[in-house]
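Enquirer: Below you will find the structure I want to go over with you.
The values are calculated or read from the model by the stated rules, or taken from the named source; none is laboratory data. Quick caveat: nothing in here was measured; it's all calculated off a predicted structure. So basically every Cβ, Gly included, is an ideal-geometry build from the backbone, and we count neighbours across all protein chains shown.
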Amino acid sequence: MRLILRQCKLSDLEILIDISKTTFINAFEKENSPKDFKAYLDFAFERKKISSELENPNTAFYFVYEDVNLIGYLKLNEKDAQTDINSEHGIELERIYVLQQYQGQQIGQWMMNEAKKLAYFKKKNFLWLGVWENNLKAIRFYEKHGFSKFGTHPYYIGKDKQTDWLMRFNLKE
């Protein structure tokens, strides 16, 4: 399997919105109320919002391809684009998603390694993320990759207040 990472451009907007919605729906729709979930989708993946994020120099989306097939994406935030920490020394991995039909093939592991390389290349001291406390599979994945919990924050799906674990991976000791 030959995987390729490519930074998204504004011209990728529609494809990015589509894969973002598809992967998020597959991951979380069944565990949330339909009304709150729809409200979240309408907010988080709204065209103007994603377009603004693509134009922000402190946010970067990356598509992952298996040869020519788009199979996933990740999103990194730096500086003031970070959702919580806002540290010059850290970078946030806000999203890392693989299309359902490609899961279980070590693609997430490859993507995580690429995210770490990008953070290291940018001379960051740590990579951090938020993960829903009930997403035990993802928590185990992050722990396997050296992340450890350092806090929590609220995360809203519509009006439903949920809790995310904040997890950190130190790039420099």
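Enquirer: Applying the selection to segment 86-112, what residues are of a type in the set (Val, Ile, Thr) and part of a strand (DSSP E or B)?
Expert: Listed by number, the residues that qualify are Ile91, Ile96, Val98.
Enquirer: I'm trying to understand the selection: among the residues of segment 10-28, which are exposed (fewer than 12 other Cβ atoms within 10 Å of the Cβ) and of a type outside the set (A, V, I, L, M)?
Expert: Ser11, Glu14
Enquirer: Give all pairs with beta carbons closer than 6 Å in which a residue from segment 124-153 that is under 19 Å from Asn32 (Cβ atoms) meets a residue that is β-branched (Val, Ile, Thr) and assigned to a helix (DSSP H, G or I); count only pairs at least 6 apart in sequence or on separate chains.
Expert: Val131/Ile139
Enquirer: Can you find, within segment 113-130, the residue that is surrounded by the fewest Cβ atoms within 10 Å (Cβ to Cβ) among those that are outside any helix (DSSP H, G or I) and either touching a Gly at 6+ places or on another chain (Cβ under 9 Å) or hydroxyl-bearing (Ser, Thr, Tyr) (or both)?
Expert: The extreme case among them is Asn125.
Enquirer: Could you tell me whether any residue of segment 70-78 is among the small types (Gly, Ala, Ser), surrounded by 15 or more Cβ atoms within 10 Å (Cβ to Cβ) and without any contact (Cβ under 8 Å) to a residue 40 or more places away in the chain?
Expert: No: segment 70-78 contains no residue that is among the small types (Gly, Ala, Ser), surrounded by 15 or more Cβ atoms within 10 Å (Cβ to Cβ) and without any contact (Cβ under 8 Å) to a residue 40 or more places away in the chain.
Enquirer: With respect to Asp84, determine if the residue is at pLDDT below 95, of a type outside the set (Phe, Trp, Tyr) and more than 28 Å from Arg168 (Cα to Cα).
Expert: Criteria not met by Asp84.
Enquirer: If the requirement is being assigned to a helix (DSSP H, G or I) and loosely packed, with under 12 Cβ neighbours inside 10 Å, which of these qualifies: Asp42, Asp36?
Expert: Answer to the check: Asp42.
Enquirer: Are there any pairs, at least 6 apart or on different chains, whose C-beta atoms fall under 9 Å, with the first in segment 1-28 and among the basic types (Lys, Arg) and the second assigned to a helix (DSSP H, G or I), and if so, which?
Expert: Matching pairs, first to second residue: Arg6/Asp12; Lys9/Leu54; Lys21/Leu41; Lys21/Ala44.
Enquirer: So Glu31 passes all but one of these: (1) free of Cβ contacts under 8 Å to residues at least 60 places away in the same chain; (2) surrounded by fewer than 13 Cβ atoms within 10 Å (Cβ to Cβ). Which condition number does it fail?
Expert: Glu31 satisfies every listed condition except (1).
Enquirer: Exactly one condition in (1) under 20 Å from Ile19 (Cβ atoms); (2) surrounded by fewer than 16 Cβ atoms within 10 Å (Cβ to Cβ); (3) in contact (Cβ under 8 Å) with a residue 12 or more places away in the chain; (4) polar (S, T, N, Q) is false for Gln106; which is it?
Expert: Going through (1) under 20 Å from Ile19 (Cβ atoms); (2) surrounded by fewer than 16 Cβ atoms within 10 Å (Cβ to Cβ); (3) in contact (Cβ under 8 Å) with a residue 12 or more places away in the chain; (4) polar (S, T, N, Q) one by one, Gln106 breaks only (3).
Enquirer: Consider Glu133 carefully, then state whether it is in contact with a Ser or Thr (Cβ under 6 Å, 6 or more places away or on another chain) and either at pLDDT below 95 or more than 17 Å from Gln7 (Cβ to Cβ) (or both).
Expert: yes
Enquirer: For segment 45-68, name all the residues that are touching a Lys or Arg at 6+ places or on another chain (Cβ under 9 Å), part of a helix (DSSP H, G or I) and either loosely packed, with under 14 Cβ neighbours inside 10 Å or touching a residue at least 60 places away in the same chain (Cβ under 8 Å) (or both).
Expert: Once the filter is applied, which keeps residues that are touching a Lys or Arg at 6+ places or on another chain (Cβ under 9 Å), part of a helix (DSSP H, G or I) and either loosely packed, with under 14 Cβ neighbours inside 10 Å or touching a residue at least 60 places away in the same chain (Cβ under 8 Å) (or both), segment 45-68 yields nothing.
Enquirer: Something else about it: Tell me which residues, restricted to segment 1-16, are aliphatic (A, V, I, L, M) and either under 14 Å from Ile71 (Cα atoms) or modelled with pLDDT under 95 (or both).
Expert: Matches in segment 1-16: Met1, Leu3, Ile4, Leu5, Ile15, Leu16.
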